[in-house]
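The values are calculated or read from the model by the stated rules, or taken from the named source; none is laboratory data. Owing to the predicted nature of the structure, the values given are computational and were not obtained by experimental measurement. So basically every Cβ, Gly included, is an ideal-geometry build from the backbone, and we count neighbours across all protein chains shown. Just the protein is used for accessible areas: all its heavy atoms, side chains included, with ligands, DNA and RNA removed. Shrake-Rupley method; radii C 1.70, N 1.55, O 1.52, S 1.80 Å.
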Amino acid sequence: TANENDIVFISSGIERGAGHFQNVGPTLREGVEANLDANVSPRIEAHVSYSWIDATFGESFTVASPNHPDAAGGEIPVRRGDRIPLIPRNTAKAELIWRATNAITFDAAFRMVSISFFRGDEGNLARPLPAYSVADAGVAWRGKHNLEFDATLRNVANARYATFGSFGDPSILGPGFDDPRFVTPGDPRTIVVGVRYRR
């Protein structure tokens, strides 16, 4: 997808999350997406998907990013070919479902996401958000009398990861904080249990 006069959010404010939308000229998003759904056996099914996206700016420009550690005069340079922030190049997902009996189903899911650049780092100058992998596992039971039970263990390995990143003023956290990188952490290991009754 080629955009001639694309609009992106620019982190131009001093506070984290503050900014404005700006036209940045041409951008290009190239990629491929593949999905595979298979019935391995009458009781086992598998789902696999993969996407590769190369999202880049099409021309050089200078953009406001006052909290960026490499900013000069509150701005950073962006070169043609720099990657658009918060768009990982690689994303892969896999899920395996096993219907052990007519009443009991087990499932396991895995997803992998590659690095992406912080919002406010349109020039790709700072260390990006790290790649991460997360696995989930669950079981479901469908009993008689329309009663259903399910339990899911999310983030089985209790991986530490972040799904979003931007720059902000670290002084709002108090003395001793000097890192302008703010991230949204992923969920820790969590057990979710549900019970449903269908009339």
**Prompt:** Restricting the search to segment 1-21, which residues are assigned to a strand (DSSP E or B) and either hydrophobic (A, V, I, L, M, F, W, C) or at pLDDT below 90 (or both)?
**Reply:** 2, 7, 8, 9, 10, 20, 21
**Complete:** Within segment 70-92, the count of residues that are assigned to a strand (DSSP E or B) and aliphatic (A, V, I, L, M) comes to 4
**Message:** I'm told residue 81 meets every condition in (1) within 28 Å of residue 26 (Cβ to Cβ); (2) touching a residue at least 40 places away in the same chain (Cβ under 8 Å); (3) of a type outside the set (D, E, K, R); (4) surrounded by fewer than 17 Cβ atoms within 10 Å (Cβ to Cβ) except one. Can you identify the failing condition by its number?
**Reply:** (2)
**Count of segment 15-53 residues which are exposed (fewer than 14 other Cβ atoms within 10 Å of the Cβ) and either among the acidic types (Asp, Glu) or in contact (Cβ under 8 Å) with a residue 60 or more places away in the chain (or both)** = 5
**Message:** On the basis of being under 18 Å from residue 86 (Cα atoms) and within 16 Å of the chain's Cα centre (by Cα), does residue 110 make the cut?
**Reply:** no
**Asked** From the list 44, 87, which residue is more than 24 Å from the chain's Cα centre (by Cα) and modelled with pLDDT of 95 or more?
**Response** 44
**Request:** Please indicate, with yes or no, whether at least one residue in segment 132-150 is surrounded by 11 or more Cβ atoms within 10 Å (Cβ to Cβ), within 30 Å of residue 13 (Cβ to Cβ) and in contact with a His (Cβ under 7 Å, 6 or more places away or on another chain).
**Result:** no
**Item:** Odd one out for residue 71 among (1) in contact (Cβ under 8 Å) with a residue 24 or more places away in the chain; (2) among the aliphatic types (A, V, I, L, M); (3) within 30 Å of residue 173 (Cβ to Cβ)
**Value:** (1)
**Prompt:** Does at least one position in segment 172-188 carry a residue that is more than 17 Å from residue 86 (Cβ to Cβ), open to solvent by less than 80 Å² (accessible area, probe 1.4 Å) and among the hydroxyl-bearing types (Ser, Thr, Tyr)?
**Reply:** no
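So is residue 67 open to solvent by less than 50 Å² (accessible area, probe 1.4 Å), polar (S, T, N, Q) and part of a loop (DSSP other than H, G, I, E, B) or not?
yes
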**Prompt:** Quick one: would you say residue 107 is of a type outside the set (Gly, Ala, Ser), buried (at least 17 other Cβ atoms within 10 Å of the Cβ), closer than 30 Å to residue 142 by Cα and at pLDDT 95 or above?
**Reply:** yes
**Output for segment 159-189, where each listed residue is β-branched (Val, Ile, Thr) and either within 14 Å of residue 129 (Cα to Cα) or free of Cβ contacts under 8 Å to residues at least 40 places away in the same chain (or both)** = 163, 183, 184
**Fill in**
Among residues of segment 104-134 being of a type in the set (D, E, K, R) and touching a residue at least 60 places away in the same chain (Cβ under 8 Å), the residue nearest to residue 91 (Cα to Cα) is 119
